[in-house]
Amino acid sequence: MREIAIGTRGSKLAMIQAEDLLARLREVFPGLKASLAKIKTRGDRYSTTALDEFAGQGIFVKELEKALLDRRNDLAVHSLKDLPTEIPDGLMLAAVTARLDPRDVLVSKSGRLHDLAPGSKIGTGSRRRAVQLLALRPDLQVCDIRGNIDTRLRKVSDGEFDGVIVAAAAMIRLGWEERITEYLAVDYFTPAVGQGALGIEIRSEDKEMATLVSKINDETAWQAVTAERTYLQALGGGCRAPIAALGIVSDGILKLIGMVAGADSNHILRATEDGKASAAEHIGRRLAVKMAEMGALVLIAGATAPPQNTKS
């Protein structure tokens, strides 16, 4: 097999993810010759701009995709939650690795969510997290935050924020599980589509890479994220509205939990759908239809303003 180049963002977390992927590949193909190519994305360059201003633009993946199309790299590894549902012509999502804990977590020096004093400042760069937090604790202040995990946690340590909400998977990959204050229940904090999973993108015609990465594809994770991404796409994924989903597979049955929120925390819709895991796309479409019948499309159309009580 030829020597391969793996495209990745250059952040500490992204490099850990890419190195983990390479280790998995070498377990299956001992002696595999490969290198990691660090690529700076638009999201990395504009690290102080609110993420919602870039919604749907694939700000953490476009440069990686261009390197694939230009044949500078052979595959790209993404945090799957960053990969838009619309993939450019000539590329494909070829595999998904085993998923880590998909939940959101609170990191705080002031205790669990219900322990926080009214007015406590909680940092997040996600509108999805913000509206769900304010639905439970409208007395808190949600403050926009960007930057890597180190930067966010430092703002808690320095006392600038009383807490931050981040992905459990990021904390686990960085080896910082002991710093997690609370795992947030998915019934109230539905995670981002694909959260906790790594997606491997390749050129569509590259049969050699397709065969290579198929050996580390996790079928359960693939079924779950297929349902999630189908649901997101059916609802117009790529818009700025908070849309979330989590697929849970058990004994061949897939349960899909969905959430859609409007411009503030007073308008949140939740629903579930289930069926055979082998029919993941069908389940995703069914849940999207159910949510649309509940009024999700109206909320999505109107979700253009920041959540109430949010401060920069």
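The values are calculated or read from the model by the stated rules, or taken from the named source; none is laboratory data. Nothing here was measured: the structure is a model prediction, and the numbers come from that model. In this analysis, Cβ positions are derived from the backbone assuming ideal geometry, glycine residues included, and neighbour counts consider all displayed protein chains.
Quick notes
- Taken as a whole, the stretch 75-84 holds no residue that is touching a Pro at 6+ places or on another chain (Cβ under 7 Å), closer than 28 Å to residue 24 by Cβ and of a type outside the set (Gly, Ala, Ser).
- Filter pass, residue 255 being modelled with pLDDT under 90 and outside the structural domain of residue 85 (by TED's automatic domain parsing): no
- Qualifying residues in the stretch 161-192 (those that are without any contact (Cβ under 8 Å) to a residue 12 or more places away in the chain and of a type in the set (D, E, K, R)) - the one nearest to residue 79 (Cα to Cα): 177
- When each of 129, 103 is tested for being charged (D, E, K, R) and surrounded by 23 or more Cβ atoms within 10 Å (Cβ to Cβ), the lone residue that passes is 129.
- Condition check for residue 145: under 30 Å from residue 21 (Cα atoms) and touching a helix residue (DSSP H, G or I) at 6+ places or on another chain (Cβ under 7 Å): yes
- Residue 279 vs. criteria among the aliphatic types (A, V, I, L, M) and either in a strand (DSSP E or B) or at pLDDT 95 or above (or both): yes
- Hey, residue 203 in contact (Cβ under 8 Å) with a residue 24 or more places away in the chain and under 29 Å from residue 299 (Cβ atoms) or not: no
- Among the candidates 160, 201, residue that is assigned by TED's automatic domain parsing to the domain that holds residue 140, out of contact with any Phe, Trp or Tyr (no Cβ under 7 Å at 6 or more places or on another chain) and either farther than 22 Å from residue 229 by Cβ or of a type in the set (D, E, K, R) (or both): 160
- Residue 287 being surrounded by 15 or more Cβ atoms within 10 Å (Cβ to Cβ), at pLDDT below 95 and not in a strand (DSSP E or B): no
- Single unsatisfied condition, residue 120 versus (1) more than 19 Å from residue 21 (Cα to Cα); (2) modelled with pLDDT under 95; (3) among the hydroxyl-bearing types (Ser, Thr, Tyr): (2)
- Elements of type strands (runs of 3 or more DSSP E) contained in the stretch 133-208, each with 1 or more residues being within 18 Å of the chain's Cα centre (by Cα) and surrounded by fewer than 14 Cβ atoms within 10 Å (Cβ to Cβ): none
- The residue of the stretch 71-90 that is nearest to residue 34 (Cα to Cα), among those that are at pLDDT 95 or above and of a type in the set (Asp, Glu), is 74.
- Matching residues, the stretch 238-261, being of a type outside the set (A, V, I, L, M) and either crowded, with 24+ Cβ neighbours inside 10 Å or in a loop (DSSP other than H, G, I, E, B) (or both): 238, 240, 242, 247, 251, 252, 258
- Qualifying residue in the stretch 90-111 (condition: of a type in the set (S, T, N, Q), assigned to a loop (DSSP other than H, G, I, E, B), more than 17 Å from residue 242 (Cα to Cα) and in contact with a strand residue (DSSP E or B) (Cβ under 9 Å, 6 or more places away or on another chain)): yes
- Every test in (1) surrounded by fewer than 16 Cβ atoms within 10 Å (Cβ to Cβ); (2) closer than 18 Å to residue 132 by Cβ is passed by residue 231 save one, and that test is (1).
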